[in-house]
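Notes follow the structure.
The values are calculated or read from the model by the stated rules, or taken from the named source; none is laboratory data. Please read these numbers as outputs of a predicted model, since none were measured by experiment. No Cβ is skipped: glycine too gets one built from the backbone with ideal geometry, and neighbour counts run over all protein chains shown. The protein model used for the area step is the full one, side chains on, heavy atoms only, and it has no ligands, DNA or RNA in it. Shrake-Rupley method; radii C 1.70, N 1.55, O 1.52, S 1.80 Å.
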Amino acid sequence: MIVIKDKENCCGCGACSNVCPKSCIRMQEDEEGFLYPIADSLLCINCGKCEKVCPVSNPSEAKASEAVFAAKNVSDEARMKSSSGGAFVKLAEMVLQEGGVVFGACFDNHFEVEHSYVEETSSLGKLLGSKYVQSKMGDCFQKVKQFLEIGRKVLFSGTSCQVAGLKSFLGHEFENLIAVDIVCHGVPSPLVWRKYLESLGARDLSSVSFRNKRDGWTKYRIRICDAIEQKEVVDECYLDNVFMKGFLKNFYLRPSCYKCPAKGGRSCSDITIGDYWGVEKQHPAFFDEKGVSLVLANTEKGLLMIKNSSLLLVESSYSQATQRNACIEKSVFRSPDRDYFWKQFSKQGIGAIEKTISHASKPNLIRFVAKRLNKQS
Ligand SMILES: Cc1cc2nc3c(=O)[nH]c(=O)nc-3n(C[C@H](O)[C@H](O)[C@H](O)COP(=O)(O)OP(=O)(O)OC[C@H]3O[C@@H](n4cnc5c(N)ncnc54)[C@H](O)[C@@H]3O)c2cc1C
Ligand code: SF4
Ligand code: SF4
Ligand code: SF4
(Lines give C-alpha, C1' and ligand atoms only; values in the text may rest on other atoms or scores of the structure.)
(Ligands and ions follow the chains in the order given, each with its own letter.)
Protein backbone atom coordinates (compact mmCIF):
# COMPACT_ATOMS: atom_id res chain seq x y z
CA MET A 1 0.00 0.00 0.00
CA ILE A 2 1.38 3.37 -0.98
CA VAL A 3 2.43 5.67 1.88
CA ILE A 4 4.20 8.96 1.14
CA LYS A 5 6.94 9.56 3.69
CA ASP A 6 8.90 12.18 1.79
CA LYS A 7 6.92 14.61 -0.34
CA GLU A 8 9.79 14.98 -2.82
CA ASN A 9 9.00 11.38 -3.80
CA CYS A 10 5.50 12.01 -5.11
CA CYS A 11 4.82 14.07 -8.24
CA GLY A 12 1.03 13.72 -7.86
CA CYS A 13 0.52 11.98 -11.21
CA GLY A 14 -2.38 9.89 -9.87
CA ALA A 15 -1.21 6.60 -11.43
CA CYS A 16 -1.58 4.83 -8.07
CA SER A 17 -5.16 5.99 -7.50
CA ASN A 18 -6.10 5.15 -11.12
CA VAL A 19 -4.70 1.61 -10.87
CA CYS A 20 -6.10 0.58 -7.47
CA PRO A 21 -8.55 -2.32 -8.03
CA LYS A 22 -10.42 -1.46 -4.83
CA SER A 23 -10.63 2.30 -5.63
CA CYS A 24 -9.33 2.90 -2.14
CA ILE A 25 -6.76 5.62 -2.93
CA ARG A 26 -7.99 9.19 -2.95
CA MET A 27 -5.86 12.19 -3.84
CA GLN A 28 -6.00 14.69 -0.98
CA GLU A 29 -4.76 18.27 -0.92
CA ASP A 30 -2.01 19.03 1.62
CA GLU A 31 -1.41 22.36 3.38
CA GLU A 32 0.45 23.68 0.29
CA GLY A 33 -2.46 22.77 -2.01
CA PHE A 34 -0.78 19.79 -3.75
CA LEU A 35 -2.53 16.43 -4.10
CA TYR A 36 -1.06 13.30 -2.46
CA PRO A 37 -2.47 9.75 -2.37
CA ILE A 38 -4.11 8.51 0.82
CA ALA A 39 -4.95 4.80 0.85
CA ASP A 40 -7.72 3.35 3.00
CA SER A 41 -6.02 0.49 4.87
CA LEU A 42 -9.38 -1.13 5.67
CA LEU A 43 -10.24 -1.58 1.99
CA CYS A 44 -6.69 -2.31 0.76
CA ILE A 45 -6.01 -5.93 -0.28
CA ASN A 46 -2.21 -5.44 -0.42
CA CYS A 47 -1.97 -6.24 -4.12
CA GLY A 48 1.02 -3.88 -4.46
CA LYS A 49 -0.18 -2.42 -7.81
CA CYS A 50 0.00 1.16 -6.55
CA GLU A 51 3.68 0.84 -5.66
CA LYS A 52 4.48 -0.92 -8.91
CA VAL A 53 3.07 1.86 -11.14
CA CYS A 54 4.67 4.77 -9.31
CA PRO A 55 7.04 6.53 -11.76
CA VAL A 56 9.07 7.98 -8.88
CA SER A 57 9.83 4.61 -7.23
CA ASN A 58 10.35 2.96 -10.64
CA PRO A 59 11.94 5.59 -12.89
CA SER A 60 12.63 4.80 -16.55
CA GLU A 61 16.05 5.00 -18.16
CA ALA A 62 16.95 8.32 -19.82
CA LYS A 63 16.56 8.08 -23.60
CA ALA A 64 18.15 10.23 -26.32
CA SER A 65 15.90 11.96 -28.86
CA GLU A 66 15.80 10.78 -32.48
CA ALA A 67 15.71 14.34 -33.83
CA VAL A 68 15.31 17.94 -32.64
CA PHE A 69 13.51 20.75 -34.44
CA ALA A 70 12.55 24.39 -34.21
CA ALA A 71 8.89 24.36 -35.33
CA LYS A 72 6.15 26.80 -36.28
CA ASN A 73 2.50 26.25 -37.08
CA VAL A 74 1.76 27.54 -40.62
CA SER A 75 -1.17 29.51 -39.21
CA ASP A 76 -0.20 32.77 -37.47
CA GLU A 77 -3.61 32.75 -35.78
CA ALA A 78 -2.89 29.31 -34.26
CA ARG A 79 0.49 30.54 -33.01
CA MET A 80 -1.08 33.64 -31.41
CA LYS A 81 -3.48 31.39 -29.47
CA SER A 82 -0.65 29.06 -28.37
CA SER A 83 2.13 29.66 -25.86
CA SER A 84 5.03 28.80 -28.14
CA GLY A 85 4.92 28.02 -31.86
CA GLY A 86 1.60 26.15 -31.91
CA ALA A 87 3.09 22.64 -32.24
CA PHE A 88 0.52 21.12 -29.86
CA VAL A 89 -2.55 22.36 -31.74
CA LYS A 90 -1.24 20.90 -35.02
CA LEU A 91 -0.54 17.45 -33.48
CA ALA A 92 -3.93 17.50 -31.74
CA GLU A 93 -5.77 18.39 -34.98
CA MET A 94 -4.09 15.50 -36.79
CA VAL A 95 -5.37 13.03 -34.17
CA LEU A 96 -8.89 14.51 -34.08
CA GLN A 97 -9.12 14.40 -37.88
CA GLU A 98 -8.50 10.64 -37.68
CA GLY A 99 -11.40 10.26 -35.22
CA GLY A 100 -9.13 10.24 -32.19
CA VAL A 101 -9.26 11.77 -28.71
CA VAL A 102 -6.94 14.41 -27.22
CA PHE A 103 -6.17 14.76 -23.50
CA GLY A 104 -4.60 17.84 -21.95
CA ALA A 105 -4.86 20.52 -19.25
CA CYS A 106 -7.76 22.99 -19.13
CA PHE A 107 -9.46 25.36 -16.69
CA ASP A 108 -12.58 24.31 -14.79
CA ASN A 109 -15.42 26.76 -14.00
CA HIS A 110 -13.39 28.29 -11.15
CA PHE A 111 -10.20 28.63 -13.22
CA GLU A 112 -8.57 25.79 -11.35
CA VAL A 113 -6.59 23.46 -13.62
CA GLU A 114 -7.55 19.88 -14.41
CA HIS A 115 -6.97 17.27 -17.10
CA SER A 116 -9.75 16.55 -19.56
CA TYR A 117 -10.24 15.38 -23.17
CA VAL A 118 -11.79 16.61 -26.39
CA GLU A 119 -13.15 14.72 -29.39
CA GLU A 120 -13.97 17.69 -31.65
CA THR A 121 -11.65 20.31 -33.17
CA SER A 122 -14.17 22.98 -32.13
CA SER A 123 -13.51 22.16 -28.43
CA LEU A 124 -9.70 22.11 -28.74
CA GLY A 125 -9.34 25.76 -27.64
CA LYS A 126 -9.70 24.85 -23.97
CA LEU A 127 -6.54 22.72 -24.07
CA LEU A 128 -4.41 25.40 -25.75
CA GLY A 129 -1.97 27.55 -23.81
CA SER A 130 0.20 26.93 -20.75
CA LYS A 131 -1.52 26.99 -17.38
CA TYR A 132 1.10 27.58 -14.71
CA VAL A 133 -0.61 25.53 -12.00
CA GLN A 134 -0.48 21.77 -11.34
CA SER A 135 -3.41 20.05 -13.06
CA LYS A 136 -5.58 17.44 -11.35
CA MET A 137 -5.52 14.14 -13.23
CA GLY A 138 -8.73 12.66 -11.81
CA ASP A 139 -9.54 9.37 -13.55
CA CYS A 140 -8.07 10.41 -16.93
CA PHE A 141 -5.58 7.49 -17.06
CA GLN A 142 -8.49 5.03 -16.86
CA LYS A 143 -10.30 6.92 -19.62
CA VAL A 144 -7.18 6.90 -21.83
CA LYS A 145 -6.99 3.12 -21.39
CA GLN A 146 -10.67 2.65 -22.26
CA PHE A 147 -10.28 4.65 -25.49
CA LEU A 148 -7.10 2.77 -26.44
CA GLU A 149 -8.68 -0.61 -25.82
CA ILE A 150 -11.58 0.11 -28.17
CA GLY A 151 -9.06 1.09 -30.85
CA ARG A 152 -9.43 4.89 -30.82
CA LYS A 153 -6.29 6.90 -31.45
CA VAL A 154 -5.32 8.92 -28.34
CA LEU A 155 -2.98 11.88 -27.94
CA PHE A 156 -2.19 12.38 -24.26
CA SER A 157 -0.36 15.58 -23.33
CA GLY A 158 0.90 16.76 -19.96
CA THR A 159 3.97 17.33 -17.84
CA SER A 160 6.76 14.76 -18.14
CA CYS A 161 5.82 13.11 -14.83
CA GLN A 162 2.17 12.84 -15.91
CA VAL A 163 3.25 11.10 -19.12
CA ALA A 164 5.63 8.83 -17.14
CA GLY A 165 2.72 7.99 -14.78
CA LEU A 166 0.39 7.20 -17.68
CA LYS A 167 2.91 4.95 -19.45
CA SER A 168 3.57 3.08 -16.23
CA PHE A 169 -0.17 2.76 -15.52
CA LEU A 170 -0.79 1.33 -19.02
CA GLY A 171 1.98 -1.23 -18.52
CA HIS A 172 2.63 -1.91 -22.21
CA GLU A 173 2.92 -0.04 -25.49
CA PHE A 174 -0.19 0.84 -27.50
CA GLU A 175 0.35 1.55 -31.20
CA ASN A 176 -2.63 3.96 -31.13
CA LEU A 177 -1.18 6.19 -28.33
CA ILE A 178 0.83 9.35 -28.98
CA ALA A 179 2.32 10.62 -25.72
CA VAL A 180 3.40 14.27 -25.74
CA ASP A 181 5.14 15.88 -22.76
CA ILE A 182 5.97 19.53 -22.28
CA VAL A 183 9.36 20.81 -21.19
CA CYS A 184 8.60 21.54 -17.55
CA HIS A 185 10.06 24.18 -15.23
CA GLY A 186 7.93 22.78 -12.38
CA VAL A 187 4.31 23.26 -11.33
CA PRO A 188 3.11 25.99 -8.94
CA SER A 189 0.74 25.33 -6.06
CA PRO A 190 -3.01 25.28 -6.86
CA LEU A 191 -3.60 26.85 -3.41
CA VAL A 192 -1.37 29.86 -4.14
CA TRP A 193 -3.16 30.25 -7.51
CA ARG A 194 -6.59 30.09 -5.78
CA LYS A 195 -5.52 32.72 -3.24
CA TYR A 196 -4.10 34.88 -6.01
CA LEU A 197 -7.45 34.82 -7.85
CA GLU A 198 -9.25 35.62 -4.57
CA SER A 199 -6.90 38.56 -4.02
CA LEU A 200 -8.30 40.14 -7.22
CA GLY A 201 -11.64 40.60 -5.42
CA ALA A 202 -14.93 38.69 -5.68
CA ARG A 203 -15.21 38.54 -9.44
CA ASP A 204 -16.77 36.39 -12.07
CA LEU A 205 -13.92 35.77 -14.50
CA SER A 206 -14.36 35.06 -18.18
CA SER A 207 -10.82 34.18 -19.26
CA VAL A 208 -7.25 33.68 -18.07
CA SER A 209 -4.20 33.68 -20.33
CA PHE A 210 -0.76 33.12 -18.88
CA ARG A 211 0.90 33.71 -22.24
CA ASN A 212 -0.77 36.61 -24.05
CA LYS A 213 1.41 37.66 -26.99
CA ARG A 214 0.22 41.28 -27.44
CA ASP A 215 3.79 42.49 -26.85
CA GLY A 216 5.33 39.38 -28.40
CA TRP A 217 6.29 35.81 -27.44
CA THR A 218 9.41 36.81 -25.50
CA LYS A 219 7.63 39.59 -23.56
CA TYR A 220 4.48 37.62 -22.79
CA ARG A 221 1.72 39.01 -20.60
CA ILE A 222 -0.64 37.47 -18.07
CA ARG A 223 -4.18 38.59 -18.87
CA ILE A 224 -7.29 37.95 -16.76
CA CYS A 225 -10.73 39.24 -17.82
CA ASP A 226 -13.84 39.97 -15.79
CA ALA A 227 -17.07 38.46 -17.15
CA ILE A 228 -19.43 41.19 -15.93
CA GLU A 229 -17.43 44.34 -16.63
CA GLN A 230 -15.98 42.74 -19.78
CA LYS A 231 -12.52 44.19 -19.14
CA GLU A 232 -9.09 43.12 -17.98
CA VAL A 233 -8.54 42.88 -14.23
CA VAL A 234 -4.93 41.87 -14.84
CA ASP A 235 -2.88 42.74 -17.92
CA GLU A 236 0.79 42.68 -17.00
CA CYS A 237 4.12 41.60 -18.40
CA TYR A 238 5.03 38.29 -16.70
CA LEU A 239 8.05 40.01 -15.11
CA ASP A 240 5.74 42.41 -13.23
CA ASN A 241 3.04 39.94 -12.19
CA VAL A 242 3.25 38.82 -8.58
CA PHE A 243 2.08 35.21 -9.17
CA MET A 244 4.56 34.72 -12.04
CA LYS A 245 7.39 36.32 -10.02
CA GLY A 246 6.95 33.83 -7.15
CA PHE A 247 6.61 30.95 -9.63
CA LEU A 248 9.82 31.81 -11.48
CA LYS A 249 11.69 32.27 -8.18
CA ASN A 250 10.63 28.70 -7.31
CA PHE A 251 8.98 29.68 -3.99
CA TYR A 252 5.94 27.40 -4.40
CA LEU A 253 6.68 24.60 -6.81
CA ARG A 254 5.67 21.06 -5.91
CA PRO A 255 8.50 19.52 -3.81
CA SER A 256 9.08 16.75 -6.42
CA CYS A 257 9.90 19.41 -9.03
CA TYR A 258 13.24 20.10 -7.32
CA LYS A 259 14.14 16.42 -7.92
CA CYS A 260 12.14 15.64 -11.08
CA PRO A 261 11.82 11.94 -11.88
CA ALA A 262 10.91 12.35 -15.56
CA LYS A 263 13.19 14.85 -17.31
CA GLY A 264 15.82 14.15 -19.96
CA GLY A 265 13.88 11.50 -21.88
CA ARG A 266 12.69 9.55 -18.82
CA SER A 267 9.01 10.34 -19.46
CA CYS A 268 8.96 7.76 -22.32
CA SER A 269 6.98 10.23 -24.46
CA ASP A 270 6.95 10.08 -28.25
CA ILE A 271 7.31 13.85 -28.58
CA THR A 272 8.45 16.63 -26.22
CA ILE A 273 7.37 20.21 -26.89
CA GLY A 274 8.56 23.48 -25.38
CA ASP A 275 9.58 27.04 -26.16
CA TYR A 276 12.57 27.32 -28.44
CA TRP A 277 14.33 29.90 -26.26
CA GLY A 278 17.49 31.13 -28.00
CA VAL A 279 16.17 30.48 -31.52
CA GLU A 280 16.93 34.10 -32.48
CA LYS A 281 20.67 33.37 -32.10
CA GLN A 282 20.73 29.78 -33.41
CA HIS A 283 18.29 30.02 -36.32
CA PRO A 284 17.75 33.79 -36.77
CA ALA A 285 15.85 33.51 -40.06
CA PHE A 286 13.22 31.32 -38.34
CA PHE A 287 12.65 33.64 -35.34
CA ASP A 288 9.69 35.95 -34.97
CA GLU A 289 7.66 37.28 -32.04
CA LYS A 290 4.60 35.11 -32.74
CA GLY A 291 6.49 32.23 -31.14
CA VAL A 292 8.66 29.25 -32.00
CA SER A 293 8.27 25.75 -30.59
CA LEU A 294 11.00 23.34 -29.65
CA VAL A 295 10.07 19.82 -30.73
CA LEU A 296 12.00 16.72 -29.69
CA ALA A 297 11.07 13.52 -31.54
CA ASN A 298 11.80 10.77 -29.03
CA THR A 299 10.55 7.71 -30.91
CA GLU A 300 10.17 6.61 -34.55
CA LYS A 301 6.39 7.04 -34.12
CA GLY A 302 6.87 10.61 -32.89
CA LEU A 303 9.31 11.44 -35.70
CA LEU A 304 6.92 10.10 -38.34
CA MET A 305 4.07 12.19 -36.98
CA ILE A 306 6.18 15.37 -36.99
CA LYS A 307 7.39 14.72 -40.53
CA ASN A 308 3.80 14.09 -41.70
CA SER A 309 2.53 17.29 -40.06
CA SER A 310 2.40 20.59 -41.89
CA LEU A 311 4.59 22.20 -39.20
CA LEU A 312 7.35 24.41 -40.57
CA LEU A 313 10.55 22.75 -39.37
CA VAL A 314 14.21 23.64 -39.04
CA GLU A 315 16.48 20.81 -37.91
CA SER A 316 18.45 21.57 -34.75
CA SER A 317 20.33 19.52 -32.15
CA TYR A 318 19.86 18.48 -28.51
CA SER A 319 22.91 20.44 -27.37
CA GLN A 320 21.61 23.59 -29.07
CA ALA A 321 18.13 23.08 -27.57
CA THR A 322 19.41 22.74 -24.00
CA GLN A 323 21.66 25.82 -24.21
CA ARG A 324 18.87 28.25 -23.23
CA ASN A 325 16.44 25.68 -21.79
CA ALA A 326 18.10 23.81 -18.92
CA CYS A 327 14.67 22.52 -17.80
CA ILE A 328 14.77 19.93 -20.59
CA GLU A 329 17.11 17.82 -18.48
CA LYS A 330 17.73 19.50 -15.13
CA SER A 331 15.43 20.22 -12.20
CA VAL A 332 15.31 23.79 -10.94
CA PHE A 333 16.98 24.57 -7.61
CA ARG A 334 14.91 24.50 -4.43
CA SER A 335 14.64 28.14 -3.41
CA PRO A 336 16.42 28.75 -0.08
CA ASP A 337 13.44 31.00 0.68
CA ARG A 338 10.75 28.34 0.10
CA ASP A 339 10.24 27.60 3.82
CA TYR A 340 10.15 31.33 4.59
CA PHE A 341 7.51 31.81 1.88
CA TRP A 342 5.17 29.13 3.29
CA LYS A 343 5.53 30.49 6.83
CA GLN A 344 4.56 33.96 5.61
CA PHE A 345 1.80 32.54 3.39
CA SER A 346 0.06 30.93 6.37
CA LYS A 347 -0.04 34.35 8.07
CA GLN A 348 -0.74 36.79 5.26
CA GLY A 349 -1.72 34.86 2.13
CA ILE A 350 -0.69 36.23 -1.23
CA GLY A 351 1.21 39.18 0.32
CA ALA A 352 3.84 36.55 1.21
CA ILE A 353 5.19 36.64 -2.36
CA GLU A 354 6.39 40.26 -2.25
CA LYS A 355 7.50 39.80 1.36
CA THR A 356 9.65 36.81 0.40
CA ILE A 357 11.09 38.66 -2.60
CA SER A 358 12.14 41.51 -0.33
CA HIS A 359 13.47 39.04 2.28
CA ALA A 360 15.46 37.23 -0.44
CA SER A 361 17.07 40.49 -1.56
CA LYS A 362 18.55 41.18 1.91
CA PRO A 363 22.22 40.38 2.54
CA ASN A 364 22.89 36.92 4.01
CA LEU A 365 23.84 38.18 7.51
CA ILE A 366 20.52 40.01 7.97
CA ARG A 367 18.62 36.94 6.74
CA PHE A 368 20.56 34.71 9.16
CA VAL A 369 19.69 36.97 12.13
CA ALA A 370 16.02 37.17 11.01
CA LYS A 371 15.88 33.35 10.77
CA ARG A 372 17.29 32.99 14.32
CA LEU A 373 14.81 35.54 15.68
CA ASN A 374 11.98 33.77 13.84
CA LYS A 375 12.97 30.43 15.41
CA GLN A 376 13.09 31.94 18.91
CA SER A 377 9.67 33.60 18.61
C1 LIG B 1 3.93 24.44 -15.66
C2 LIG B 1 4.62 24.56 -17.00
C3 LIG B 1 6.00 24.81 -17.05
C4 LIG B 1 6.65 24.92 -18.30
N5 LIG B 1 8.01 25.13 -18.32
C6 LIG B 1 8.64 25.22 -19.53
C7 LIG B 1 10.06 25.44 -19.59
O8 LIG B 1 10.75 25.58 -18.57
N9 LIG B 1 10.65 25.49 -20.83
C10 LIG B 1 9.91 25.34 -21.97
O11 LIG B 1 10.50 25.38 -23.05
N12 LIG B 1 8.60 25.15 -21.95
C13 LIG B 1 7.94 25.08 -20.75
N14 LIG B 1 6.58 24.85 -20.72
C15 LIG B 1 5.89 24.53 -21.99
C16 LIG B 1 5.48 25.72 -22.81
O17 LIG B 1 5.00 26.76 -21.97
C18 LIG B 1 4.37 25.35 -23.79
O19 LIG B 1 3.29 24.74 -23.09
C20 LIG B 1 4.80 24.35 -24.81
O21 LIG B 1 5.89 24.90 -25.49
C22 LIG B 1 3.70 24.00 -25.78
O23 LIG B 1 3.39 25.12 -26.53
P24 LIG B 1 2.53 25.05 -27.87
O25 LIG B 1 2.56 26.39 -28.48
O26 LIG B 1 2.97 23.89 -28.71
O27 LIG B 1 1.09 24.63 -27.36
P28 LIG B 1 0.13 25.28 -26.27
O29 LIG B 1 -1.22 25.27 -26.83
O30 LIG B 1 0.63 26.54 -25.75
O31 LIG B 1 0.22 24.24 -25.07
C32 LIG B 1 -0.79 23.39 -24.72
C33 LIG B 1 -0.17 22.17 -24.10
O34 LIG B 1 0.28 22.44 -22.78
C35 LIG B 1 -0.28 21.48 -21.90
N36 LIG B 1 -0.44 22.11 -20.59
C37 LIG B 1 -0.82 23.39 -20.33
N38 LIG B 1 -0.86 23.60 -19.01
C39 LIG B 1 -0.53 22.44 -18.41
C40 LIG B 1 -0.44 22.00 -17.06
N41 LIG B 1 -0.67 22.83 -16.05
N42 LIG B 1 -0.08 20.74 -16.82
C43 LIG B 1 0.14 19.86 -17.84
N44 LIG B 1 0.09 20.21 -19.15
C45 LIG B 1 -0.24 21.48 -19.42
C46 LIG B 1 -1.62 21.11 -22.55
O47 LIG B 1 -2.06 19.85 -22.09
C48 LIG B 1 -1.21 21.08 -24.01
O49 LIG B 1 -0.54 19.88 -24.30
C50 LIG B 1 5.89 24.78 -19.49
C51 LIG B 1 4.52 24.58 -19.44
C52 LIG B 1 3.87 24.46 -18.20
C53 LIG B 1 2.39 24.21 -18.16
S1 SF4 C 1 -2.03 -2.29 -2.45
FE2 SF4 C 1 -3.60 -2.63 -4.04
S3 SF4 C 1 -5.55 -2.43 -2.98
FE4 SF4 C 1 -3.99 -1.58 -1.63
S5 SF4 C 1 -4.02 0.58 -2.05
FE6 SF4 C 1 -2.46 -0.33 -3.36
S7 SF4 C 1 -3.49 -0.79 -5.28
FE8 SF4 C 1 -5.07 -0.42 -3.74
S1 SF4 D 1 4.08 9.80 -7.91
FE2 SF4 D 1 2.09 9.23 -8.78
S3 SF4 D 1 1.97 7.01 -8.54
FE4 SF4 D 1 3.64 7.72 -7.21
S5 SF4 D 1 2.67 8.01 -5.23
FE6 SF4 D 1 2.59 9.97 -6.24
S7 SF4 D 1 0.61 10.04 -7.27
FE8 SF4 D 1 1.00 7.90 -6.74
S1 SF4 E 1 9.20 19.38 -12.88
FE2 SF4 E 1 9.04 17.16 -13.09
S3 SF4 E 1 7.96 16.54 -11.22
FE4 SF4 E 1 7.56 18.71 -11.48
S5 SF4 E 1 5.64 18.78 -12.63
FE6 SF4 E 1 7.35 18.96 -14.08
S7 SF4 E 1 7.64 16.90 -14.78
FE8 SF4 E 1 6.47 16.74 -12.88
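Seen from all directions on average, the chain presents a Cα convex hull projection of 20.2 nm².
With 0.36 nm allotted per residue and the present C-alpha distance subtracted, the ASP139-HIS172 stretch has 10.0 nm of extension available.
Which values of log₁₀ I(q)/I(0), to two decimal places, follow from the Debye formula for segment 123-224 at q = 0.11, 0.18 Å⁻¹ with a uniform point scatterer at every Cα? The calculated log intensity ratios at q = 0.11, 0.18 Å⁻¹ are -0.46, -1.01.
Distance between the C-alpha centres of segment 290-357 and segment 220-234: 25 Å, rounded to the whole angstrom.
Under the criterion of Cα pairs below 8 Å and six or more residues apart, the relative contact order for the chain equals 22 percent.
Charge tally around GLY129: other residues with Cβ under 10 Å, Lys/Arg +1 each, Asp/Glu -1 each, net +4. Which FRET efficiency value, to the nearest 0.05, do you get for LYS259 and SER75 by plugging their Cβ-Cβ distance into 1/(1 + (r/R0)^6) with R0 = 35 Å? Computed FRET efficiency for LYS259 and SER75 comes out at 0.35. Accessible area per residue was computed with a 1.4 Å probe on protein heavy atoms; CYS50 scores about 10 Å². Modelled label positions at ILE150 and GLU120, each set 7 Å beyond Cα in the direction of Cβ, lie 1.7 nm from each other.
Taken about its Cα centre, the chain carries a charge dipole of roughly 1280 debye when the Cβ of each Lys and Arg holds +1 and the Cβ of each Asp and Glu holds -1.
Based on C-alpha pairs under 8 angstrom that are at least 6 apart in sequence, segment 159-281 has a relative contact order of 35 percent. Annotation for segment 1-92: trypsin sites (Lys or Arg not before Pro) lying in DSSP loop with at most 16 further Cβ atoms inside 10 Å of their Cβ are LYS5, LYS22, LYS63. Think of the chain as having a plus end and a minus end, set by charges on the Cβ of Lys, Arg, Asp and Glu; of VAL242, SER60, CYS20, VAL242 sits farthest toward the positive end of this dipole. Spin-label model, SER310/GLU61: points 7 Å from Cα along the beta carbon direction are separated by 4.0 nm. Remark: relative contact order (segment 7-53) = 39 percent; criterion is Cα-Cα distance under 8 angstrom and separation of 6 or more residues.
Out of all Cα-Cα pairs in segment 251-377, roughly what percent, to the nearest whole number, are more than 17 Å apart? So the portion of pairs separated by more than 17 Å is 70 percent. Cα-Cα pairs above 19 Å in segment 1-151: how many percent? Across segment 1-151, Cα pairs with separations above 19 Å total 64 percent. Residues whose amide H lies under 5 Å from that of ALA67, counting only those 5 or more places away or on a different chain, are ALA297; hydrogens are built 1.01 Å from N in the peptide plane. Cut-off 14 Å, label point 7 angstrom out along Cα-to-Cβ of SER206: give me the residues of segment 108-129 whose amide nitrogen falls inside. No residues fall inside that zone. Between SER41 and THR218, the modelled labels are 5.7 nm apart [label points 7 Å from Cα along Cα→Cβ].
Rounded to the nearest 500, the helix-only mean residue ellipticity at 222 nm of the chain stands at -8500 deg cm²/dmol, with each DSSP H run of n ≥ 4 adding -39,500 (n - 2.57). For the set LYS7/LYS131; LYS63/LYS355; LYS167/LYS259, the pairs lying more than 31 angstrom apart at their alpha carbons are LYS63/LYS355. For segment 1-63, what class follows from the C-alpha gyration tensor (a ≥ b ≥ c being the square roots of its eigenvalues): rounded when a/c is under 1.5, otherwise prolate if a/b is larger than b/c, else oblate? Oblate is the answer for segment 1-63, as a/c is 1.5 or above yet b/c matches or exceeds a/b. Dipole of the chain computed with +1 at Lys/Arg Cβ and -1 at Asp/Glu Cβ about the Cα centre; of ASN212, LEU128, GLY302, farthest Cα towards the positive end is ASN212.
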